Amino acid sequence: MAERKKGINTICTHFGELEDTVYKGAVSPLYMSTSYAFEEVAVKRYPRYFNTPNQVALAQKIAALEHAEAALIFGSGMAAISTSLLAFLQAGDHVVLQKTLYGGTYNLVTEEFGKFGISYSFTDGLKVADFEAKIQENTKVIYIETPSNPLLTITDLNAVSALCKKHNIISMIDNTFASPVNQNPIDFGVDVVIHSATKYMGGHSDILAGAVATTEDYIHRIFHLGKNLGGSLSDYTVWLLERSIKTMGIRVRAQNKNALEMAAYLAEHKDIETVYYPGLPSHPDHEIAKAQMKGFGGMLSFVLKEGIDASEFQKSLKLIKSSMSLAGVESTMLSPTKTSHALLSAEERKRQGIADGLIRFSVGIEEVEDLMADIDQALENVKSNSTLKLP
Ligand SMILES: *Cc1c(COP(=O)(O)O)cnc(C)c1O
């Protein structure tokens, strides 16, 4: 009899557990050894080879979460992204990337790929025709990110993966913003799924890690480069990450619910110009998001009404912290103009749709009423202060 497919919280809690055969403890034992006896000549266990007991066990959990055959865990999201991309690209190859990308990935491609003789194109838009328009004879990989940072744009997974299959191109996705709780791109035909596990998988703003999930075959290729580049994760952090993922399902679902309520609240707010959240029916790609996501995630962004200063607003918040990172259980905000997109010219920011009053909001698990009250008091504070300054 085929085994029943387990639900997400069961996978989060139990898959890839290591059994404590000695003391029968409830949690996975932690094996910190960097040196193991040769059991067979073929098996060389070593942390940089991604094959210690804790690494192997957690990789099974992540593969199960992404409906993949296999997975590898890395020392950071960028280690997972760089190793995965370079595993499939060599001198003379070309990669197409969507125009809205995580800043670190953009820097990796634009600052490093030239050295390796790998060429690249960014799409002009996010429709499948925008991807098709950039395909060349030597295109080997199409790389997407959905929902994207910071405007929560949506890329159609079915359409892009079908395009890749037609042209014999490998499709890769950065699935960090959605998390495996909300989106499983392999079910839509995407080949390689990458995560910054620093975000929702870690979930407590205290772990730096990355992961990639795909077929056995592709994992083998990524492993081969990965052991040479040396970006694996220390076993202690692997163990902490396993502990974090146990609660990922309940955390992310709580964040989905809070973000949807906050998005609806902000959309009606007199001091807010625009809200970007794929869960709102007013989002231009709400229908695509509904078709490919199980929940709309904990990330949203919004634009303050003209005259309300984004920095002053953030300084006035008492509960919601300012933070560069995201996806923790605590709510955080940042101003892309002042942080992630600060190095771009004002004109380039405008081209990318990044308004000065734009705030990216990583919604946590607090009570929404408290988040609403904090935003309201901060807005009132900024407005009363700016009136004082008027002649
Ligand atoms: C944070 C992040 C990354 C990079 O991950 P690190 O763990 O910081 O290396 C990549 N993609 C997205 C969408 C991210 O948010």
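The values are calculated or read from the model by the stated rules, or taken from the named source; none is laboratory data. None of the values given here were measured: they were computed from a predicted structure. Cβ placement follows ideal geometry from the backbone for every residue including glycine, while neighbour counts extend to all protein chains displayed. Accessible surface is based on the protein model in full, side chains and every heavy atom, while ligands, DNA and RNA are left aside. Shrake-Rupley method; radii C 1.70, N 1.55, O 1.52, S 1.80 Å.
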Discussion item. Could you list, ordered by first residue, the pairs with Cβ atoms under 6 Å in which the first is in segment 71-87 and among the charged types (D, E, K, R) and the second is modelled with pLDDT of 95 or more, at least 6 apart or interchain?
Written reply: none
Discussion item. Filter segment 354-371 down to the residues that are open to solvent by 40 Å² or more (accessible area, probe 1.4 Å) and either over 17 Å from LYS305 (Cβ atoms) or among the aromatic types (Phe, Trp, Tyr) (or both) and list them by number.
Written reply: ILE365, GLU366, GLU367, GLU369, ASP370
Practice prompt. Working only within segment 26-52, note down all residues that are loosely packed, with under 11 Cβ neighbours inside 10 Å and not β-branched (Val, Ile, Thr).
Written response: ALA26, SER35, ALA37, PHE38, GLU39, GLU40, ALA42
Item to complete: Give the number of residues within segment 130-160 that are of a type outside the set (Val, Ile, Thr), closer than 23 Å to ILE222 by Cα and open to solvent by less than 10 Å² (accessible area, probe 1.4 Å).
Response: 3
Discussion item. If I filter segment 161-217 down to residues being buried (at least 22 other Cβ atoms within 10 Å of the Cβ) and among the aromatic types (Phe, Trp, Tyr), which single residue comes out as nearest to the ligand (Cβ to nearest atom)?
Written reply: PHE177
Worksheet item: GLY249 fails exactly one of the following numbered conditions: (1) in contact with a Phe, Trp or Tyr (Cβ under 8 Å, 6 or more places away or on another chain); (2) under 25 Å from ASN158 (Cβ atoms). What is the number of that condition?
Response: (1)
Discussion item. If I go through segment 273-319 residue by residue, how many of them are open to solvent by 20 Å² or more (accessible area, probe 1.4 Å), of a type in the set (A, V, I, L, M, F, W, C) and within 13 Å of ASN182 (Cα to Cα)?
Written reply: 2
Practice prompt. For ALA79, indicate whether it is within 16 Å of the ligand (Cβ to nearest atom) and closer than 26 Å to GLU145 by Cβ.
Written response: yes
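So which of VAL95, VAL109 ends up being assigned by TED's automatic domain parsing to the domain that holds MET201, part of a strand (DSSP E or B) and within 15 Å of GLU145 (Cβ to Cβ)?
None of the other options fit; the residue is VAL95.
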Worksheet entry | Extreme residue, surrounded by the fewest Cβ atoms within 10 Å (Cβ to Cβ), among residues of segment 320-353 that are β-branched (Val, Ile, Thr) and at pLDDT below 90 | THR339
Worksheet item: Quick one: would you say ALA63 is within 14 Å of SER232 (Cβ to Cβ) and either in the same structural domain as SER179 (by TED's automatic domain parsing) or not in a loop (DSSP other than H, G, I, E, B) (or both)?
Response: no
